[in-house]
Ligand code: KG4
Ligand code: ZN
């Protein structure tokens, strides 16, 4: 019975996840308090505002998670908190809260990598067995990883510039749409014509499994400038064009990754591509992945959208797996603004993480 606390960006979240007697994990509660309104006027996440909002909200969110689960602190066996990567102020708030609860109640404490929370979500929602291929697409990361086991990740590809969520957010900002950009762009794209503005398909056909979205963003800006002043229909067409280009680029990259996955792991009875992170909530991206998976005989596992975007259940679940594997962290465990999942892989050339989100 593990309490998970997530405060790495602009959601204050807490959840209780338990291992039931049949071995399956169960989400007993999942409370997410979004700070979207606090940051709305600034068109992005303001770190200092986020940290202060976490301080104000975290006690109430933890209390609500316990109340929803019908539990008191005494029923818990452990506490997990996100220690990174993310905005340092928020991370400190969640880490201190988790450590304080663990210390006061004499519970095991374990720190969780936020990206591991996303990466293991398909195991929480669908019981996916190791190893599986993972596409992690969030506001700060776009990566293809082979998830071999708990804490055992091999990065096959990554963005060399912007993350996909960041590209969605920048597109929305450029077009004057509300933050967060991904859901805004998806909503407008539904009524737009994806073929009116021809945009590039970045990295299409390249042998390496990396991504790039900054050129697409520039092409979109140029198309928007040329079409100005923009009417509602123009904005919808630009959104549809951007989303289609992003989905095509993802489909091409993933198609290649699936070929390698089938070559390298031929023994798997049920090969799985799992998708995680906020952008995994996007229906066009999911549809493109569906087609790619069908072509390679691979099952696509896409968690429900509410468990793709940041939440406490993914942290509680990653904490649960870590605690079961015997991991414990001390009260001196540090928070980390940057914390790659695969610490042994070479740094990505040209990679500069600029978004607030992880
Ligand atoms: O995983 P997440 O909640 O936060 C971290 O980055 O860790 O992902 C947030 C990102 C944002 O960039 C947001 O615009 C994007 O996910 N996103 C979407 C959608 N929902 C959230 N992007 C495209 N379509 C969506 N429906
Ligand atoms: Zn995230």
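The values are calculated or read from the model by the stated rules, or taken from the named source; none is laboratory data. Predicted model, so just to flag it, every value in this text is computed and none were measured. Here Cβ is always computed from backbone atoms with ideal geometry, including for glycine, and neighbour counts include all displayed protein chains.
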Exercise. Is it fair to say residue 58 is in contact with a helix residue (DSSP H, G or I) (Cβ under 6 Å, 6 or more places away or on another chain), modelled with pLDDT of 95 or more, over 22 Å from residue 172 (Cα atoms) and part of a strand (DSSP E or B)?
Worked result: no
Problem set entry | Output for region 55-95, where each listed residue is within 13 Å of residue 4 (Cβ to Cβ) and surrounded by fewer than 15 Cβ atoms within 10 Å (Cβ to Cβ) | 77
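Looking at the structure I just gave you, is residue 221 away from ligand 1 (no atom under 15 Å from the Cβ), part of a helix (DSSP H, G or I) and under 26 Å from residue 39 (Cβ atoms)?
Working: away from ligand 1 (no atom under 15 Å from the Cβ): yes; part of a helix (DSSP H, G or I): yes; under 26 Å from residue 39 (Cβ atoms): yes.
Here the answer is yes, as residue 221 does meet what is asked.
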Problem set entry | Residues (away from ligand 1 (no atom under 16 Å from the Cβ) and in a helix (DSSP H, G or I)) located in region 275-315 | 291, 292, 293, 294, 295, 296
For this session: Determine if region 304-318 includes at least one residue that is surrounded by 17 or more Cβ atoms within 10 Å (Cβ to Cβ) and either over 18 Å from the mean Cα position of the chain (by Cα) or free of Cβ contacts under 8 Å to residues at least 40 places away in the same chain (or both).
Result: no
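From the residues in region 167-188 that are in a loop (DSSP other than H, G, I, E, B) and within 16 Å of ligand 2 (Cβ to nearest atom), which one is farthest from residue 247 (Cα to Cα)? Steps first, answer last, please.
Quick first cut of region 167-188, residues in a loop (DSSP other than H, G, I, E, B) only: 175-180.
Add one more test, that the residue is within 16 Å of ligand 2 (Cβ to nearest atom), and what stays is 179-180.
Values: 179: 21, 180: 19 Å.
Checking each candidate, the answer is 179.
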Exercise. For residue 230, are the conditions met, namely being more than 24 Å from the chain's Cα centre (by Cα), farther than 30 Å from residue 315 by Cα, at pLDDT 95 or above and not in a helix (DSSP H, G or I)?
Worked result: yes
Seminar exercise, completed: Reported set for region 96-127 where residues are surrounded by fewer than 20 Cβ atoms within 10 Å (Cβ to Cβ) and within 23 Å of residue 286 (Cα to Cα) is 126, 127
For this session: Would you mind telling me which numbered condition in (1) in a loop (DSSP other than H, G, I, E, B); (2) in contact with a strand residue (DSSP E or B) (Cβ under 6 Å, 6 or more places away or on another chain) residue 146 fails?
Result: (1)
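Which residue out of 275, 235 is under 20 Å from the mean Cα position of the chain (by Cα), crowded, with 20+ Cβ neighbours inside 10 Å and closer than 30 Å to residue 176 by Cβ?
Numbers: 235 fails: under 20 Å from the mean Cα position of the chain (by Cα).
None of the other options fit; the residue is 275.
Examine region 100-123 for a residue that is within 16 Å of ligand 1 (Cβ to nearest atom) and either more than 29 Å from residue 301 (Cβ to Cβ) or outside any helix (DSSP H, G or I) (or both), and state whether such a residue exists.
Initial filter on region 100-123 (within 16 Å of ligand 1 (Cβ to nearest atom)): 112-122.
Among the residues that remain, those that are also either more than 29 Å from residue 301 (Cβ to Cβ) or outside any helix (DSSP H, G or I) (or both) are: 112-113.
Among the residues of region 100-123, at least one is within 16 Å of ligand 1 (Cβ to nearest atom) and either more than 29 Å from residue 301 (Cβ to Cβ) or outside any helix (DSSP H, G or I) (or both), which makes the answer yes.
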For this session: Looking only at region 189-208, decide whether some residue is surrounded by fewer than 24 Cβ atoms within 10 Å (Cβ to Cβ), in a loop (DSSP other than H, G, I, E, B) and either within 21 Å of the chain's Cα centre (by Cα) or within 16 Å of ligand 2 (Cβ to nearest atom) (or both).
Result: no
